[in-house]
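See structure below.
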Amino acid sequence: LAGINEPTQQKAILSQLDNSLKASEELISTLLEIAKLDDGKLQPNVQPVPLKELLSQLAEEYRLVASQKGLELTVKISTFQVQTDATYLRRILQNMLSNAIKYTNTGRILLGCRKRGDHVLLHVWDTGPGISEPDLQRIFEDFYRIDATAKGQQGVGLGLGVVHRMAKLLGHPLSVKSWPGKGTVFNIALPVVSGKR
């Protein structure tokens, strides 16, 4: 910063350096996590998990982030208990919500759930730009980013790769549907703990 006398310029440069450092740390952390998942070193601890507490925490965590971008976040709290790993499920939903907020410029995001037979379907809806059919086939690949919406966005395209690996390890079916120009929905199906609601 030597030679830059303007405090505003110094502040901007420091902010860029801070963002770059955070992005680098996040990338290294995610790559380590992927390596552990691929090597089988991370094993899920599957047990009954009450959705009410988890969804309430996520609502609290992401509501401010969404509102800072002018988006409305709605989280439908559920009293179901599901058979899963709480840490993995939290990470999956965090990645889905982060992506929804990142790529949605106006409108709203919904995190909700619905019972389907002996499963609960958790879904994250957004009113973003949507994803074209060719991109839908590749979004879970590592480092894949959609050019049309990625401009100016941070990230390297690893979040959905982690989501895919964790869902597969847990045996939770994962799906995505999208309507270009209207929005996208990501779904993950979780087994309901018998007799719990």
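Remarks
- Under 5 Å, built H, 5+ apart or other chain: amide partners of Val193: Gln81, Val82, Gln83
- Segment Arg114-Glu6, extension gain: residue separation times 0.36 nm, minus the distance between their alpha carbons: 33.4 nm
- Convex hull volume per residue for segment 52-114, taking Cα atoms only, in Å³: 74 Å³
- Taking each residue as 0.36 nm, the span from Lys177 to Glu60 lengthens on full extension beyond its C-alpha to C-alpha distance by 39.5 nm.
- Here the 3J(HN,Hα) profile of segment 43-59, calculated from phi with Karplus coefficients 6.51, -1.76 and 1.60 at θ = phi - 60°, is 10, x, 9, 7, 7, x, 10, x, 6, 4, 5, 4, 5, 5, 5, 5, 4 Hz, Gly and Pro shown as x.
- Each Lys or Arg adds one and each Asp or Glu takes one away; over the other residues whose Cβ falls under 13 Å from the Cβ of Leu71, this sums to +2.
- The protection proxy used here, the mean number of other Cβ atoms lying within 10 Å of each residue, ranks peptides 125-133, 82-90 as follows, highest first: 82-90, 125-133.
- Accessible surface of segment 55-125 [probe 1.4 Å, protein heavy atoms]: carbon and sulfur percent: 50 percent
- Distance (nanometres) between label positions extended 7 Å along Cα→Cβ at Gln94 and Val46: 2.3 nm
The values are calculated or read from the model by the stated rules, or taken from the named source; none is laboratory data. Predicted, not measured: the structure shown is a model, and the values here were computed from it. Here the Cβ is made from the backbone with ideal geometry for all residues, glycine too, and neighbour counts use every protein chain on show. With ligands, DNA and RNA removed, areas are computed over all heavy atoms of the protein, side chains included. Shrake-Rupley method; radii C 1.70, N 1.55, O 1.52, S 1.80 Å.
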